[in-house]
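Below is one structure, written out as C-alpha cells; the observations come after it.
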Amino acid sequence: MELSLRIDRLVFAYGSRWLFEGFDAQAGAGVTWVQSANGSGKSTLLRLLAGALAPRHGAFELAGCRYAAGDRTAPLAWRQQTFWCLSDPPPTPWLTIAECLGFVGATYPGFDAQRLREQVDALGLAKALATPLRDASLGQQRKTLLALALALPVKLLLLDEPFNALDVASARHLSDTITARAARGDQVILLTSHVEPHVPVRDTWVLG
C-alpha cells in the first residue's frame, strides 16, 4: 500500500481569524509544494501537522497512525514518524549544535548517528558543532535542523522554507538529497517555498 498523508476536514483559527475551514487534502510519497501568500496558512499547516498547534476540528492520518482534534497532544507514534524543520531558529539556544543534534536524534526510534554525521559533514557544519545555538549564524542554525531532517528515519518530513540562508553548496546538497528521497518513495515531504524548488514536485497545494 502506497504511503500517504490524509488531512480530513481541518479547522483552525487564530482567535477570530480563520485559516482553515474544513480543509481536505491528501499527499503521497514524494514532494508536495505548499504555496500561499504570507499569512495565509502554509507555515501554520506544518505546525499543525507537527503537533505544535492543536486543530479545532479534523484529523490527520499517516501510515496507520491517526492524530485528531480533541487529542490533548499529538500521539507519540505520530511525533516519532514526523520531523518539522521550522523556519525559526531551533528552540534550544542554550545547547551547542552537537548537543541539539544528539538530544533530538535520541528521541527517534532507529536514529543512526553515522547517518547524521554524514549530513553534518555534507552541510559543512562539522567545525561549528561546539558553538552554542544562540551564537550560531542563521545559516548554521538552519543547517542544524536540516541535518536532522535529512538523517532521521521519519515518514513525514515538514520543511518550512528550507533553502533560506543556505550557501550554494548546501542548497545543492539539500536539493539532491530531497530528490533521492522522493525517488525512494518511503517519505511524504511537505515543502513550503516562495520560489519554485529545484526538486521533483509530485503535487502542489495552494492555500488561501
**Request:** Rounded to the nearest Å, what's the spacing between the alpha carbon centres of the range 160-174 and the range 39-85? Just the number, please.
**Result:** 25
**Message:** Given R₀ = 45 Å, what would the calculated FRET efficiency be for residue 179 paired with residue 17, taking r from the Cβ atoms and rounding to 0.05?
**Reply:** 0.80
**Asked** Add -39500 (n - 2.57) for each DSSP H run of 4 or more in the chain, then divide by its residues: what number comes out at 222 nm, to the nearest 500 deg cm²/dmol?
**Response** -9000 deg cm²/dmol
**Item:** Percentage relative contact order, the range 4-206, counting C-alpha pairs under 8 Å, at least six apart
**Value:** 29
**Prompt:** From the Cα gyration tensor of the range 116-208, with a ≥ b ≥ c the square roots of its eigenvalues, which class applies: rounded if a/c is under 1.5, or else prolate if a/b is larger than b/c, or else oblate?
**Reply:** prolate
**Item:** Computed FRET value (nearest 0.05) for residue 1 with residue 138, which takes r as the C-beta separation and R₀ as 35 Å
**Value:** 0.30
**Asked** Where a ≥ b ≥ c are the square roots of the eigenvalues of the C-alpha gyration tensor, would you call the range 4-206 rounded, which needs a/c under 1.5, or, failing that, prolate if a/b is larger than b/c, or oblate?
**Response** prolate
**Request:** Would you mind checking the range 170-208 for residues with the amide N under 11 Å from a putative spin-label position 7 Å along Cα→C-beta of residue 88?
**Result:** none
**Asked** In the chain, which whole DSSP H runs stretch at least 18 Å along their own axis (Cα) and average -0.5 or higher on the Kyte-Doolittle scale?
**Response** 138-151, 168-184
**Request:** Please list, or write none, the aspartates and glutamates whose alpha carbon is within less than 13 Å of the alpha carbon of residue 42, excluding same-chain residues fewer than 8 places away.
**Result:** 160, 161
**Complete:** With N residues in the range 1-73, Rg(alpha-carbon) / (2.2 N^0.38 Å) equals 1.08
**Prompt:** Sequence-distant or interchain residues sharing an amide H contact under 5 Å with residue 35, placed H: which?
**Reply:** 205, 206, 207
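No value in this document is a laboratory result; all are computed from the given coordinates. No experiment lies behind these values; they were computed from the predicted model shown. All Cβ positions, glycine included, derive from the backbone under ideal geometry; neighbour counts span all protein chains shown.
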